[in-house]
Amino acid sequence: MRKIFLILLTFGLFACNQQKDNTKILQNRIDSLEIKIANTYKPGFGDFMSSIQAHHSKLWFAGQNQNWKLADFEVHEIMEAIEDIQKFQAGRKETEMIGMINPALDSINNAIEKKDPVLFENSYTLLTISCNKCHQAVDLGYNVVKTPDSSPFSNQDFKPLKDSK
Ligand code: HEC
């Protein structure tokens, strides 16, 4: 009886130690994964803004050329970038304010759906005002966005393909 008890006790202690070892291994793996995640590259606020700047410009020339398919594409690129800011730059006060751009984006989207050039221009003005309002709100008032005069993208044709308006 005593022998059995001793055997069980030894086995129990062994199992307990084994469990401790496993926990330690897992903890080490979690620690090293956390370090890896912290060091993974993620785009900064400025990276998203530079991309938004390009799409803001292209959106204008698409609208001017009544290339509604391209305009639709560009406005959705801006929407995606805004969503990515909310995902990858969560917790920043600037990110909490980014939603102020949504009414203007919705308005442009509506103009594109209606293929209405006048509504497009008005909505575009509203969009640009919203960009600047946010820049002012986050002490970047010196960063002024405007309707572009000429396309910086000479390698892109903004005219619609025939029969695809
Ligand atoms: C949160 C509100 C917010 C909104 C809305 C917003 N921006 Fe910005 N923008 C910022 C912040 C913050 C920065 C600075 C990013 C950084 O830290 O580099 C910035 C920077 C920029 C820059 C400077 C990038 C550079 O390196 O020169 C441009 C251009 C820009 N935004 C364009 C736009 C355009 C175009 C829109 C509208 C379609 C817009 N932004 C809307 C907050 C905003």
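Are any of the residues in segment 27-38 within 30 Å of residue 134 (Cα to Cα), at pLDDT below 95 and not aromatic (Phe, Trp, Tyr)? Scanning segment 27-38 turns up at least one residue that is within 30 Å of residue 134 (Cα to Cα), at pLDDT below 95 and not aromatic (Phe, Trp, Tyr). Checking each residue in segment 105-164 for being assigned by TED's automatic domain parsing to the domain that holds residue 82 and basic (Lys, Arg) picks out 114, 115, 133.
The residue list 81, 71, 90, 104 contains one member that is under 25 Å from residue 162 (Cβ atoms) and out of contact with any strand residue (DSSP E or B) (no Cβ under 6 Å at 6 or more places or on another chain), which is 71. For segment 142-160, the set of residues classified as within 11 Å of the ligand (Cβ to nearest atom) and in contact (Cβ under 8 Å) with a residue 12 or more places away in the chain consists of 144, 145, 146, 147, 148, listed by residue number. The set of residues in segment 129-145 that are part of a loop (DSSP other than H, G, I, E, B) and out of contact with any Ser or Thr (no Cβ under 8 Å at 6 or more places or on another chain) comprises 138, 139, 140, 141, 142, 143, 144.
Determine, yes or no, whether residue 71 is farther than 21 Å from residue 135 by Cα, in the same structural domain as residue 120 (by TED's automatic domain parsing) and surrounded by 10 or more Cβ atoms within 10 Å (Cβ to Cβ).
Working: farther than 21 Å from residue 135 by Cα: yes; in the same structural domain as residue 120 (by TED's automatic domain parsing): yes; surrounded by 10 or more Cβ atoms within 10 Å (Cβ to Cβ): yes.
Criteria met by residue 71.
Rundown of residues vs (1) within 11 Å of the ligand (Cβ to nearest atom); (2) surrounded by 13 or more Cβ atoms within 10 Å (Cβ to Cβ), yes/no style:
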{"residue": "108", "(1), (2)": "yes, yes"}
{"residue": "114", "(1), (2)": "no, no"}
{"residue": "122", "(1), (2)": "no, yes"}
{"residue": "132", "(1), (2)": "yes, yes"}
{"residue": "140", "(1), (2)": "yes, yes"}
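The values are calculated or read from the model by the stated rules, or taken from the named source; none is laboratory data. In this text the structure is predicted, and so the values were computed from the model without any measurement. Note that we place each Cβ from the backbone using ideal geometry, even for glycine, and neighbour counts take in every protein chain shown.
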